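Participant: First the structure, then my questions, so here it is.
The values are calculated or read from the model by the stated rules, or taken from the named source; none is laboratory data. Note that the structure is predicted; figures quoted are calculated from it, not measured. No Cβ is skipped: glycine too gets one built from the backbone with ideal geometry, and neighbour counts run over all protein chains shown.
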Amino acid sequence: MKRQSNEAFFWMLFSAGGVVAALLIPGHLFLFGVAFPLGWIQPPTYEHLLALVRLPVTRIYLFVLCSLPLFHWAHRFRYTLYDGLQVKHLNEVIFSLCYGGAVVGTVVAGYLLWNIA
Amino acid sequence: MSAVNRETIKTTAVYTEFHPRWYRERVSVYWWLGQWQYLKFILRELSSVPVAIFVVITLFQLRALLSGPAAYARFEHWLRTPGAIVLNVISFFFVLLHTITWFNLAPRAIAIRMRGKRLPDLLVAAPNYALWLVVSVVVAWFILR
Amino acid sequence: MADKIILEITRYSPEQDVEPRFESYEVPVYKEWVVLDALNYIKDKVDGSLTYRWSCRMGICGSCGMMVNGEPKLTCATFLSAYARNGNKVRVEPLRYFPVVRDLVTELSDFLVKLRNVKPWLIRKDEPPLSQGEFLQTPEQLDRYKQFSMCINCTLCYAACPVVGLDPVFVGPAAIALAQRYNMDSRDQGADERMAVLAHPEGIWGCTFVGECTRVCPKHVDPAGAIQQYKLMAVLDWVKSFIMPRGHTSKDVRSEPRND
């Protein structure tokens, strides 16, 4: 008989995703979302980025960067909906949408990173 | 037997306890607006949404990379539109909020003991910030090289 | 001489009222008076029907918890002069998120049931014979759980925690902190029994680390920290239950009792 619910697993994903998001996303978002578009820093060329992404280590890095934060979002947003909007009675729907979304994003990331020539 | 049982029932005092009508207040849907600390908490939790938005934008970026230089140029052009810049600047502040609250709260979850005494929170948070700085510099170096 | 301050106090009489109302009382302010003194003054001299709990008046029994200007406080530890200085009125209400029995008295049985469910006592799987003597504990072993043992069950943390209000089955900060107090005690062997109770959505997983419980705790127990540490323990336990599904013993490496 299971001693405890599987909620521990989702919390683990949330924590891992939180660490990845905290360490990596500010830098990426600052560069690609703010500094390059506003012209503060010269953006890298298409060729340079493509060469970088082609490396296996970069693909793994980007996969982790795209996948774990989505699971972090899924768990946190689920509880924000429970507490913020008091919709805990819809928990099956919310659970499916949140984790389903994270799984979809993970699959898309895996597909894209696998297929970058 | 039944005669004995009837005797037992008769001698047992039966009364209804007085139960005052309790007042239960329904928690409002706007509970999080009632206190500054609650609002700060909800903002912190909502920081997960810009995190997810960043991932979605990154996926579009990867798709553009996959599709060729013209597609990537169109993606970069989209990033320069005012709407995208506003979105990303706001997201950046929320992502920063996530990072800072995450590192500040992490020491409470991990009780590291050395020589019997628990390490002070600052000593557990500081290496996280240092790691963040190092990782950001390394990643930036690879991107900008 | 003494100033005056106005106290707005919740009154609720189940026989007469459908919902609580406020009544204002004017109370003198003395430098050393706390809100509890004001309440006692009102009950003695103004309105004897005012109903509230109090006992030790020195912050150790945990009876006098109430909302003072929207903050959960021990009224025996909240000085009137702080509010008088700002010219504020003092609003005294019963602790939030509990049913109100009358005036400022809350119904605590829900909390007490949750507390009992986490088994806040030393659980032993084996009882060493008396001849072995008492359990000995080093200062380091004591330090691991001492902070959590300071809880006086005042339920201020329950009044501060929004999840307690939103989710009636959430077991709550004090209960988890006390469970952790025993889990971390080197004499205890009941961690897995408590894990079975707590590691469920109604237990620790309802907590979203708002942190208000720690902020309002008058004894600096840090229940939020206890809960997050417990979550980590639960994750380790969950992982272990997959690696060793059947041979999973309850012996925790952390809490080896030593009877030297």
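Participant: Quick check: is even one residue across segment A:46-59 of a type in the set (S, T, N, Q), assigned to a helix (DSSP H, G or I) and surrounded by fewer than 19 Cβ atoms within 10 Å (Cβ to Cβ)? Break it down into steps so the answer makes sense when it comes.
Facilitator: Our first condition is that a residue be of a type in the set (S, T, N, Q); within segment A:46-59, this holds for A:58.
Checking the rest, the ones that are also assigned to a helix (DSSP H, G or I) come to A:58.
When the remaining residues are screened for being surrounded by fewer than 19 Cβ atoms within 10 Å (Cβ to Cβ), the result is A:58.
For segment A:46-59, residues of a type in the set (S, T, N, Q), assigned to a helix (DSSP H, G or I) and surrounded by fewer than 19 Cβ atoms within 10 Å (Cβ to Cβ): present.
Participant: Another question, if that's okay. What do you reckon, is C:CYS151 outside the structural domain of C:SER55 (by TED's automatic domain parsing), in contact with a Lys or Arg (Cβ under 8 Å, 6 or more places away or on another chain), at pLDDT 90 or above and surrounded by 19 or more Cβ atoms within 10 Å (Cβ to Cβ)? Before the answer, list the steps.
Facilitator: Working: outside the structural domain of C:SER55 (by TED's automatic domain parsing): yes; in contact with a Lys or Arg (Cβ under 8 Å, 6 or more places away or on another chain): yes; at pLDDT 90 or above: yes; surrounded by 19 or more Cβ atoms within 10 Å (Cβ to Cβ): yes.
Against the criterion (outside the structural domain of C:SER55 (by TED's automatic domain parsing), in contact with a Lys or Arg (Cβ under 8 Å, 6 or more places away or on another chain), at pLDDT 90 or above and surrounded by 19 or more Cβ atoms within 10 Å (Cβ to Cβ)), C:CYS151 qualifies.
Participant: Would you kindly identify the helices (runs of 4 or more DSSP H) lying entirely within segment B:50-145 that contain at least 3 residues that are closer than 30 Å to C:ILE227 by Cα, touching a helix residue (DSSP H, G or I) at 6+ places or on another chain (Cβ under 6 Å) and more than 7 Å from every other protein chain (Cβ to nearest Cβ)?
Facilitator: Details: elements: B:69-79, B:82-109, B:121-144.
Filter on segment B:50-145 gives B:82-109, B:121-144.
Participant: What are the residue pairs meeting all of these: first residue in segment B:28-39, first residue at the interface with chain C (Cβ under 10 Å from one of its Cβ atoms) and part of a helix (DSSP H, G or I), second residue surrounded by 12 or more Cβ atoms within 10 Å (Cβ to Cβ) and at pLDDT below 90, Cβ atoms under 9 Å, and 6 or more apart or on different chains?
Facilitator: Listed by first residue and then by second, the contacts come to B:TRP31/A:ASP83; B:TRP31/A:GLY84; B:TRP31/A:GLN86; B:TRP32/A:ASP83; B:TRP32/A:GLY84.
Participant: If a residue has to be surrounded by fewer than 21 Cβ atoms within 10 Å (Cβ to Cβ) and touching a Leu at 6+ places or on another chain (Cβ under 7 Å) to count, how many in segment C:165-187 make the cut?
Facilitator: Within segment C:165-187, residues that are surrounded by fewer than 21 Cβ atoms within 10 Å (Cβ to Cβ) and touching a Leu at 6+ places or on another chain (Cβ under 7 Å) number 1.
Participant: Answer yes or no as to whether C:ASP110 is among the acidic types (Asp, Glu), touching a Phe, Trp or Tyr at 6+ places or on another chain (Cβ under 8 Å) and within 12 Å of chain B (Cβ to nearest Cβ). Before you say what the answer is, go through the steps one by one.
Facilitator: Values: among the acidic types (Asp, Glu): yes; touching a Phe, Trp or Tyr at 6+ places or on another chain (Cβ under 8 Å): yes; within 12 Å of chain B (Cβ to nearest Cβ): yes.
Taking the combined requirement at face value, the residue satisfies it.
Participant: Here is a further query. Considering each of A:LEU81, A:LEU13, A:LEU31 in turn, give the residue that is within 8 Å of chain B (Cβ to nearest Cβ), crowded, with 16+ Cβ neighbours inside 10 Å and in a helix (DSSP H, G or I). First the steps, then the outcome.
Facilitator: Details: A:LEU81 fails: within 8 Å of chain B (Cβ to nearest Cβ); A:LEU13 fails: within 8 Å of chain B (Cβ to nearest Cβ).
Sole residue among the options that is within 8 Å of chain B (Cβ to nearest Cβ), crowded, with 16+ Cβ neighbours inside 10 Å and in a helix (DSSP H, G or I): A:LEU31.
Participant: Right, next: Looking only at segment C:22-41, which residues are surrounded by 14 or more Cβ atoms within 10 Å (Cβ to Cβ) and in contact (Cβ under 8 Å) with a residue 24 or more places away in the chain? Give the steps one after another, and end with the answer.
Facilitator: The first filter runs over segment C:22-41 and keeps only residues surrounded by 14 or more Cβ atoms within 10 Å (Cβ to Cβ), leaving C:23, C:25, C:27-30, C:33-41.
The answer is C:GLU23, C:VAL27, C:PRO28, C:VAL29, C:TYR30, C:TRP33, C:VAL34, C:VAL35, C:LEU36, C:ASP37, C:ALA38, C:LEU39.
Participant: Within 14 Å of the chain's Cα centre (by Cα), hydrophobic (A, V, I, L, M, F, W, C) and either closer than 25 Å to C:GLU19 by Cα or outside any strand (DSSP E or B) (or both) - does that describe any residue in segment C:75-85? So that I can check it myself, show each step before the final result.
Facilitator: From segment C:75-85, those within 14 Å of the chain's Cα centre (by Cα) are none; that's our starting set.
No, segment C:75-85 has no match at all.
Participant: Quick one: count up the residues across segment B:72-94 that are exposed (fewer than 12 other Cβ atoms within 10 Å of the Cβ) and in contact (Cβ under 8 Å) with a residue 24 or more places away in the chain.
Facilitator: So the answer is 0.
Participant: Across segment C:115-144, which residue is farthest from C:THR155 (Cα to Cα) among those that are of a type in the set (Lys, Arg) and in a helix (DSSP H, G or I)? Walk me through how you get there before you give the answer.
Facilitator: Going through segment C:115-144, the residues of a type in the set (Lys, Arg) turn out to be C:116, C:119, C:124-125, C:144.
Going one step further and asking which of them are in a helix (DSSP H, G or I), we end up with C:116, C:144.
Numbers: C:ARG116: 14, C:ARG144: 23 Å.
It comes out as C:ARG144.
Participant: Test A:ALA74 against the stated conditions and say whether it is touching a Cys at 6+ places or on another chain (Cβ under 7 Å), facing chain B (nearest Cβ under 9 Å) and of a type outside the set (Phe, Trp, Tyr). Spell out the reasoning first.
Facilitator: Values: touching a Cys at 6+ places or on another chain (Cβ under 7 Å): yes; facing chain B (nearest Cβ under 9 Å): yes; of a type outside the set (Phe, Trp, Tyr): yes.
Yes, satisfied.
Participant: Moving on. Which one is nearest to the other protein chains (Cβ to nearest Cβ) among residues in segment C:199-223 that are under 18 Å from C:TYR182 (Cβ atoms) and not in a loop (DSSP other than H, G, I, E, B)?
Facilitator: In this case the residue turns out to be C:ILE204.
Participant: List every residue pair whose Cβ atoms sit under 9 Å apart, with the two residues 6 or more apart in sequence or on different chains, where the first one lies in segment A:51-68 and is among the basic types (Lys, Arg) and the second, anywhere, is surrounded by 15 or more Cβ atoms within 10 Å (Cβ to Cβ) and not in a helix (DSSP H, G or I).
Facilitator: Close Cβ pairs satisfying both conditions: A:ARG54/A:ILE116; A:ARG59/A:ILE116.
Participant: Collect the residues in segment C:69-101 that are at positive phi and either surrounded by fewer than 20 Cβ atoms within 10 Å (Cβ to Cβ) or among the charged types (D, E, K, R) (or both), keeping them in residue-number order. Reasoning before the result, please.
Facilitator: Going through segment C:69-101, the residues at positive phi turn out to be C:69-70, C:87, C:97.
Of everything in segment C:69-101, those that are at positive phi and either surrounded by fewer than 20 Cβ atoms within 10 Å (Cβ to Cβ) or among the charged types (D, E, K, R) (or both) turn out to be C:ASN69, C:GLY70, C:GLY87.
Participant: Looking only at residues in segment A:20-43 that are of a type in the set (Val, Ile, Thr) and modelled with pLDDT under 95, which one is nearest to B:VAL95 (Cα to Cα)? First the steps, then the outcome.
Facilitator: Just the residues of segment A:20-43 that are of a type in the set (Val, Ile, Thr), to begin with: A:20, A:25, A:34, A:41.
Subset that is modelled with pLDDT under 95: A:34, A:41.
Working: A:VAL34: 13, A:ILE41: 20 Å.
The residue in question is A:VAL34.
Participant: Mind checking whether some residue in segment C:162-174 is away from every other protein chain (no Cβ under 12 Å) and assigned to a loop (DSSP other than H, G, I, E, B)? Lay out the reasoning, then the answer.
Facilitator: Restricting attention to segment C:162-174, the residues satisfying the condition of being away from every other protein chain (no Cβ under 12 Å) are C:171-174.
Cutting the leftovers down to assigned to a loop (DSSP other than H, G, I, E, B) gives us C:171-172.
Yes, segment C:162-174 contains at least one residue that is away from every other protein chain (no Cβ under 12 Å) and assigned to a loop (DSSP other than H, G, I, E, B).
Participant: Out of segment C:39-51, which residues are under 20 Å from C:CYS154 (Cα atoms) and out of contact with any Lys or Arg (no Cβ under 8 Å at 6 or more places or on another chain)?
Facilitator: Once the filter is applied, which keeps residues that are under 20 Å from C:CYS154 (Cα atoms) and out of contact with any Lys or Arg (no Cβ under 8 Å at 6 or more places or on another chain), segment C:39-51 yields C:LEU39, C:ASN40.
Participant: With respect to the numbered conditions (1) without any contact (Cβ under 8 Å) to a residue 40 or more places away in the chain; (2) in a helix (DSSP H, G or I); (3) buried (at least 17 other Cβ atoms within 10 Å of the Cβ), which one is the sole condition not fulfilled by C:MET66?
Facilitator: Result: C:MET66 fails condition (2) only.
Participant: Name the one entry in B:LEU62, B:LEU97, B:LEU66 that is crowded, with 20+ Cβ neighbours inside 10 Å and of a type in the set (A, V, I, L, M). First the steps, then the outcome.
Facilitator: Details: B:LEU97 fails: crowded, with 20+ Cβ neighbours inside 10 Å; B:LEU66 fails: crowded, with 20+ Cβ neighbours inside 10 Å.
Unique residue meeting the criteria: B:LEU62.
Participant: Filter segment C:42-56 down to residues that are over 17 Å from the mean Cα position of the chain (by Cα) and among the basic types (Lys, Arg) and give me whichever is surrounded by the most Cβ atoms within 10 Å (Cβ to Cβ).
Facilitator: Residues of segment C:42-56 that are over 17 Å from the mean Cα position of the chain (by Cα), as a first pass: C:42-52.
Imposing the further condition that a residue be among the basic types (Lys, Arg) reduces the set to C:43, C:45.
Numbers: C:LYS43: 14, C:LYS45: 10.
Among residues in segment C:42-56 that are over 17 Å from the mean Cα position of the chain (by Cα) and among the basic types (Lys, Arg), the one surrounded by the most Cβ atoms within 10 Å (Cβ to Cβ) is C:LYS43.
Participant: Same structure again: Tell me the residue from C:GLU15, C:GLU19 that is free of Cβ contacts under 8 Å to residues at least 40 places away in the same chain, over 16 Å from C:VAL68 (Cβ atoms) and touching a strand residue (DSSP E or B) at 6+ places or on another chain (Cβ under 7 Å), please. Step through it out loud before you land on a result.
Facilitator: Values: C:GLU15 fails: touching a strand residue (DSSP E or B) at 6+ places or on another chain (Cβ under 7 Å).
None of the others qualify; the one that does is C:GLU19.
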